[in-house]
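The values are calculated or read from the model by the stated rules, or taken from the named source; none is laboratory data. Please read all numbers here as calculations on a predicted model, not as lab measurements. Note that we place each Cβ from the backbone using ideal geometry, even for glycine, and neighbour counts take in every protein chain shown. These area figures cover heavy atoms from the full protein model, side chains too; ligands, DNA and RNA do not enter into them. Shrake-Rupley method; radii C 1.70, N 1.55, O 1.52, S 1.80 Å.
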Amino acid sequence: MRMVLLGAPGSGKGTQADLLKDKYACAHISTGDIFRRNLLAKTELGVKAGEFMNRGELVPDEIVIGMVKDRLRESDATGFLMDGFPRTIPQAEAFGVMLEELKTPLDAVVLLDIDEEILVGRLTNRRTCRACGKIWNLLSMKGDNLSPGCPECGGELYQRDDDAELVIRNRLKVYNDQTSPLVSWYAKTGKLYTIEASASPDETLKKIQAALG
Ligand SMILES: [Zn+2]
């Protein structure tokens, strides 16, 4: 299985990536991991990427593409689940050329689609424990709402700045602006599967498997 996974922050993309990787026995390739590996190993591309990151700039497409290309040449990557790449049309085009060269065509692009208000609700209800750092969601916490401490250690729960509504709306806007051209682009290839993903992770997984056949 060779798949690209698309989904907004809070759509459950990480959870689905874990479930799908086991189901289809393929490598989970996330751009975050690729970056870390290249930075740690101080590869030529890693060093270049580091310079941009240290300046707080976006790493240019050609560097990201080069890193993905190296990763796809590794022996465990004949089947893969791409997470965080491609992010732009030029990246998607380069990715297509890469896969053609490797003779490993893409099987599916799965878009986890959730109503924006549900996403905002999920993300703004996240709370972090000051004591143990664990993240909880008020929506799925039951019991005594008068003393909503950490269920594990009793520590105080607080809302991180990242989880404030305005910040979240802005992140979703950035995601939508970036991803919608990609969605239209992949729709034309006939490989796009849009999966409604507001139910539980297990139900979403079932929908994905049913769609892929
Ligand atoms: Zn705690």
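Limited to the stretch 160-171, what total is found for residues that are open to solvent by 40 Å² or more (accessible area, probe 1.4 Å), of a type outside the set (Asp, Glu) and in a helix (DSSP H, G or I)?
Within the stretch 160-171, the first condition is being open to solvent by 40 Å² or more (accessible area, probe 1.4 Å), and the residues that meet it are 160-162, 165-167, 169-171.
Remaining after also requiring of a type outside the set (Asp, Glu): 160, 166-167, 169-171.
With in a helix (DSSP H, G or I) added as a condition, the list becomes 166-167, 169-171.
Summing the residues that are open to solvent by 40 Å² or more (accessible area, probe 1.4 Å), of a type outside the set (Asp, Glu) and in a helix (DSSP H, G or I) in the stretch 160-171 gives 5.
Of everything listed in (1) away from the ligand (no atom under 16 Å from the Cβ); (2) in contact with a Lys or Arg (Cβ under 8 Å, 6 or more places away or on another chain); (3) open to solvent by less than 60 Å² (accessible area, probe 1.4 Å); (4) farther than 13 Å from LEU6 by Cα, the single unmet condition for LEU157 is (1).
Of the helices (runs of 4 or more DSSP H) lying entirely inside the stretch 1-110, those containing at least 2 residues that are within 26 Å of ASP162 (Cα to Cα), open to solvent by less than 70 Å² (accessible area, probe 1.4 Å) and modelled with pLDDT of 90 or more span 13-24, 31-40, 44-54. Applying the set (1) farther than 22 Å from ALA17 by Cα; (2) open to solvent by 70 Å² or more (accessible area, probe 1.4 Å) to VAL174 leaves exactly one unmet item: (1). CYS132 falls short on exactly one of the conditions (1) surrounded by 15 or more Cβ atoms within 10 Å (Cβ to Cβ); (2) of a type in the set (A, V, I, L, M, F, W, C); (3) within 16 Å of the ligand (Cβ to nearest atom), and that condition is (1).
The one condition from (1) in contact with a strand residue (DSSP E or B) (Cβ under 9 Å, 6 or more places away or on another chain); (2) farther than 29 Å from LYS206 by Cβ; (3) modelled with pLDDT under 90 that ASP144 does not meet is (1).
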